[in-house]
Protein chains: 2
Amino acid sequence: MGRDVQDPQAGQPVGSHGHQPPGLQKWLFHVPRAPEVMLTRERYPVRRLPFSVVSGEDLAAFERIVPGRVITDPEVLEASNVDWLRTVRGSSVLLLRPRTTEEVSHILRHCHERNLAVNPQGGNTGMVGGSVPVFDEVILSTALMNQVISFHDMSGTLVCQAGCVLEDLSRHVEERGFVMPLDLGAKGSCHIGGNVATNAGGLRFLRYGSLHGTVLGLEAVLADGTVLNCLSTLRKDNTGYDLKQLFIGSEGTLGVITAVSILCPPKPRAVSVAFLGCPGFSEVLQTFSTCKGLLGEILSAYEFMDAECMWLVTRHLHLASPVQESPFYVLIETSGSRAGHDAEKLNDFLEHVLSSGLVTDGTVATDHMKVKALWALRERISEALSRDGYVYKYDLSLPTERLYDLVTDLRARLGPRAKHVVGYGHLGDGNLHLNVTSEAFSPSVLGTLEPYVYEWTAEQRGSVSAEHGLGFKKRGVLGYSKPPEALRLMQQLKALLDPKGILNPYKTLPAQA
Amino acid sequence: MGRDVQDPQAGQPVGSHGHQPPGLQKWLFHVPRAPEVMLTRERYPVRRLPFSVVSGEDLAAFERIVPGRVITDPEVLEASNVDWLRTVRGSSVLLLRPRTTEEVSHILRHCHERNLAVNPQGGNTGMVGGSVPVFDEVILSTALMNQVISFHDMSGTLVCQAGCVLEDLSRHVEERGFVMPLDLGAKGSCHIGGNVATNAGGLRFLRYGSLHGTVLGLEAVLADGTVLNCLSTLRKDNTGYDLKQLFIGSEGTLGVITAVSILCPPKPRAVSVAFLGCPGFSEVLQTFSTCKGLLGEILSAYEFMDAECMWLVTRHLHLASPVQESPFYVLIETSGSRAGHDAEKLNDFLEHVLSSGLVTDGTVATDHMKVKALWALRERISEALSRDGYVYKYDLSLPTERLYDLVTDLRARLGPRAKHVVGYGHLGDGNLHLNVTSEAFSPSVLGTLEPYVYEWTAEQRGSVSAEHGLGFKKRGVLGYSKPPEALRLMQQLKALLDPKGILNPYKTLPAQA
């Protein structure tokens, strides 16, 4: 969560194995090649699959389906071809902006018949290159599908189109006494459809759980244009297979999500944040156990960061640490319905951890601005890292008690070749953000990190992508977290739902031999 | 939830369209036909599909796979052929009791090669005839797969074999300071694998949500014997499609669940129950809104029942109503980490609803025995119904505000032909248990109820099976809650995962034309 910031020049240099399809040239010359982001097909060893190329007749057909919303202007396309981390770049010549599910259906039916590849795009805030085209896929944007369909004041059920921006939805439901069950650093631009398509985690995961539990229904358009309406608003429905689950986290490769129904919890009346120093990682873990017991149902976040993270945010961003220097820091958030009760629980917890030595120093905030300032220490780590040099980034799920071992291990393995090896993240969810910095990109450092990090994670039965998904950039490492039988079934599901493979090709699943 | 009790003689009389496969006779004569439960193939218009019949060679092969655990004794088979409601009855001649996933894999590989149909069976506590054979399917019992594999004290993650009994698991995790995220009336005999296979709802759903959110991983054996190991213990894992979701709620038709990993919440330190009288259904709804606001994070159940339910439990079971006679009653449970805080919240809520007239009378219990006594009023309704006459039962999800309209509507439509038309259930989850009693089974009453109830539910975009699933008895009504496109995709998924259709045939999906 939060947005990681990467060096736009980053990435291993790879030769171009891209295949230029015949006829693409006539469109490509429109696209200004900003030198700062290399084309994906030039940087990565990826081959264009034999999809058709957009023709004048296709443009005319699309103009009939979404009149006035067929974009070929290279300057407008620029923003949709490049991911926001500025690490991958497609060469699409066509952006479509449907407003309705029916329009999405007609577009996909046409693409399916014509064998045109499609890149569904929400707010384009993904971390793994899943939301931009790799070659010349038609970009299907949900930007104009931004209507709230209904909100139910009793149950807190929100139904909306896929292109609604998360922050707009938050405002909408907060005015009615509810909150969205997810919150992300990218909330100002990410679309709820993209959140669901990537199974976004984020800041409220510890409290409200996965989208697999909070999404009540969705509507998706399948590769051939079939509209699959599973837009139920029911909490319970055991009639047949729960098809909506297929699309949650499938990154637009099995269907295009056009609307979602999501259960919103009541808005907490009181929020507090405690920022604490711990003498060791073992104490970070024990503090977590203790706070689960004493804070119980009001615990809403348990984040940790190590001393090097604090060094980076104080050094590069000039933030001030609110507590004494410690090997580890913990940020605990409580959200409850009654401030007095919450404060009592939090105070009792703090007394316990301070008197037992689990925590050596701490501060608590309930004021909104001070709460934000404490969160900034945790949320701005990745910004600080980007100012430290070249950054190697990993987003891993690991068994909580082994979570920090990998950081210590890598520090020893890398020695002085690394400037910093840091660990931070959503400890409460077992999610480690492992980051390494060096002065500049170093093949030797990368060679020490990979595949070692993935193998280490696999040995722990961890996940090589906890919350960011696989998209384009990580699809090759899926096998570290899933057995061959699972991969095979995933390929079969893809073949069943999208036999021509037109939906977000080159994403999620490894390239087939 | 809780166990419904049905008249064993109940059910519409239908002629036998059952098809007796050649060679079945030699096994059938072993099965004692207890006159009180009619064979499913004689009661329902269902045709045996052309599966093979168990041969002596098959028995020998199974004896090699699970030595000493190949059961052909008709008396032992009796309990596995009949559902616990005693409404459906298969004629299987073979019950297998594997202990390990590997054994399940070998059994299924053999069945797949031999085209033998398989009925996976857990605790056999299902409500819709999903857990017993329809014809002579081989019964694959998880009864001996009852080992806890691991429990993680920090995260509360339980990993266990599919045949663990829910109550045993509850005890196991409660001794360690956690609770299972689900609780059911059938907990003394249901298996966790069966719970997951049917996506069981139950008493804790309002608080801890669906198994789609709390099940972290599972292991399943596919129809051809392939072991699919998705037994992750991670809270977050976005590597590829979330395959485990396919098996949650698929009633053993896509694979046999052999182990599950499930996230257990911390055990609440304090539990209170309030039993309240409301003057109307509108007040039941407003009381729900109010308690969501004032009880917030400690609310763990919101159940309702109407005056006729109270009449039935007081009349037939001689329970005493703890509050004044009212048109509606509400049971509210709180579970929290601090008794004093919880009591304050509950008192403030009660003052509010009593002073505003939403509630006219009420009582509160924190003592374990008194809590149980209040729960009994709600949990024993279906027992009381069974003593009232023939019972027509429906388990529906409906938009909360329309939930009771169907009860009122049916009361008017049925008039004096019905003894009682009652509504009760998990209001907090939008789940209505609608029950109608008459002196004896009446085709006229049934004709008034069906398809009317299903059509009414479909018009509200409700679910014709909220938590019980479809199994054998309700597979025909799936179309009322899911569009044809969804049905088609379900059929395709079934064909992909089980091309020969050997896994729990005649269940979940409608018979294909």
Could you go through the stretch A:248-264 and let me know if any residue there is away from every other protein chain (no Cβ under 11 Å), farther than 30 Å from A:ALA220 by Cα and within 25 Å of the chain's Cα centre (by Cα). no
Kindly evaluate B:GLU167 against the criterion of being part of a strand (DSSP E or B) and open to solvent by 10 Å² or more (accessible area, probe 1.4 Å). no
Keeping to the stretch B:477-506, report how many residues are within 21 Å of the chain's Cα centre (by Cα), more than 11 Å from every other protein chain (Cβ to nearest Cβ) and not aliphatic (A, V, I, L, M). 3
Which one of the conditions (1) surrounded by 24 or more Cβ atoms within 10 Å (Cβ to Cβ); (2) within 12 Å of chain B (Cβ to nearest Cβ); (3) over 22 Å from B:LYS482 (Cα atoms) does A:LEU211 fail to meet, given that it meets all the rest? (3)
Looking at B:VAL88, B:VAL165, B:VAL134, B:VAL76, which is the one that is over 24 Å from B:ARG235 (Cα atoms) and without any contact (Cβ under 8 Å) to a residue 60 or more places away in the chain? B:VAL76
Please determine whether any residue of the stretch B:332-347 is touching a residue at least 24 places away in the same chain (Cβ under 8 Å), within 18 Å of B:VAL422 (Cα to Cα) and not small (Gly, Ala, Ser). no
List, please: which pairs have Cβ atoms under 9 Å, are six or more places apart or on different chains, and start with a residue in the stretch B:474-496 that is without any contact (Cβ under 8 Å) to a residue 12 or more places away in the chain and end with one that is assigned to a helix (DSSP H, G or I) and open to solvent by 40 Å² or more (accessible area, probe 1.4 Å)? B:LEU489/A:LEU496; B:GLN492/A:LEU496; B:ALA495/A:LEU496; B:LEU496/A:GLN492; B:LEU496/A:ALA495; B:LEU496/A:LEU496
Every residue from the stretch A:76-126 that is touching a helix residue (DSSP H, G or I) at 6+ places or on another chain (Cβ under 7 Å) and at positive phi: A:ASN124
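A quick yes/no check of all residues on (1) out of contact with any Phe, Trp or Tyr (no Cβ under 9 Å at 6 or more places or on another chain); (2) modelled with pLDDT under 95:
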| position | (1), (2) |
| --- | --- |
| A:GLY11 | no, yes |
| A:VAL14 | no, yes |
| A:HIS19 | no, yes |
| A:LEU24 | no, yes |
| A:PHE51 | no, no |
| A:VAL54 | no, no |
| A:LEU77 | yes, no |
For the stretch B:442-508, which helices (runs of 4 or more DSSP H) that fit wholly inside it have 1 or more residues that are open to solvent by less than 30 Å² (accessible area, probe 1.4 Å) and of a type in the set (Phe, Trp, Tyr)? B:452-459
Of the residues in the stretch B:214-232, those that are facing chain A (nearest Cβ under 9 Å) and outside any strand (DSSP E or B) come to B:THR214, B:LEU222, B:THR226, B:LEU231, B:SER232
Selected residue (only one of A:GLU485, A:GLU467, A:GLU439 is among the charged types (D, E, K, R) and at pLDDT 95 or above): A:GLU485
Restricting to the stretch B:233-247, and then to whatever is at the interface with another protein chain (Cβ under 8 Å from one of its Cβ atoms) and of a type in the set (A, V, I, L, M, F, W, C), can you tell me which residue is nearest to A:ARG461 (Cα to Cα)? B:LEU234
Quick test for you: out of A:HIS368, A:HIS341, A:HIS420, A:HIS352, pick the one residue that is touching a His at 6+ places or on another chain (Cβ under 6 Å) and farther than 14 Å from A:PHE304 by Cα. A:HIS341
Give me the pairs: first residue in the stretch A:387-404 and more than 9 Å from every other protein chain (Cβ to nearest Cβ) and assigned to a loop (DSSP other than H, G, I, E, B), second residue among the hydrophobic types (A, V, I, L, M, F, W, C) and open to solvent by 20 Å² or more (accessible area, probe 1.4 Å), beta-carbon distance under 6 Å, and six or more apart or on different chains, which are they? A:TYR404/A:PHE281
Can you name the residue in the stretch A:346-392 that is among the acidic types (Asp, Glu) and more than 18 Å from A:SER326 (Cα to Cα) and is also least open to solvent (accessible area, probe 1.4 Å) among such residues? A:ASP388
Residue count, the stretch A:194-206 (criterion: out of contact with any helix residue (DSSP H, G or I) (no Cβ under 6 Å at 6 or more places or on another chain), within 9 Å of another protein chain (Cβ to nearest Cβ) and open to solvent by 20 Å² or more (accessible area, probe 1.4 Å)): 1
Of all residues making up the stretch A:173-193, the number that are open to solvent by less than 30 Å² (accessible area, probe 1.4 Å) and more than 27 Å from A:PHE304 (Cβ to Cβ): 5
Hey, among the residues in the stretch B:286-301 that are open to solvent by 20 Å² or more (accessible area, probe 1.4 Å) and in contact (Cβ under 8 Å) with a residue 40 or more places away in the chain, which one's farthest from the other protein chains (Cβ to nearest Cβ)? B:THR290
Starting from residues that are polar (S, T, N, Q) and part of a strand (DSSP E or B), keep the ones in the stretch A:233-281 and report whichever is surrounded by the most Cβ atoms within 10 Å (Cβ to Cβ). A:THR258
Which condition from (1) outside any loop (DSSP other than H, G, I, E, B); (2) crowded, with 16+ Cβ neighbours inside 10 Å; (3) more than 9 Å from chain B (Cβ to nearest Cβ); (4) on the phi < 0 side of the Ramachandran plot is the one that A:GLY425 breaks? (4)
Tell me the residue from A:ALA117, A:ALA79 that is under 24 Å from the mean Cα position of the chain (by Cα) and surrounded by fewer than 17 Cβ atoms within 10 Å (Cβ to Cβ), please. A:ALA79
When restricted to B:GLY126, B:GLY130, the only residue open to solvent by 20 Å² or more (accessible area, probe 1.4 Å) and closer than 25 Å to B:GLU42 by Cα is B:GLY126
Condition check: away from every other protein chain (no Cβ under 11 Å) and out of contact with any Gly (no Cβ under 9 Å at 6 or more places or on another chain). Does B:SER272 satisfy that? no
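The values are calculated or read from the model by the stated rules, or taken from the named source; none is laboratory data. What you see is a predicted model; the values in this text were computed from it and never measured. FYI the Cβ positions are ideal-geometry reconstructions off the backbone, even for glycines, and counts take in every protein chain you see. Just the protein is used for accessible areas: all its heavy atoms, side chains included, with ligands, DNA and RNA removed. Shrake-Rupley method; radii C 1.70, N 1.55, O 1.52, S 1.80 Å.
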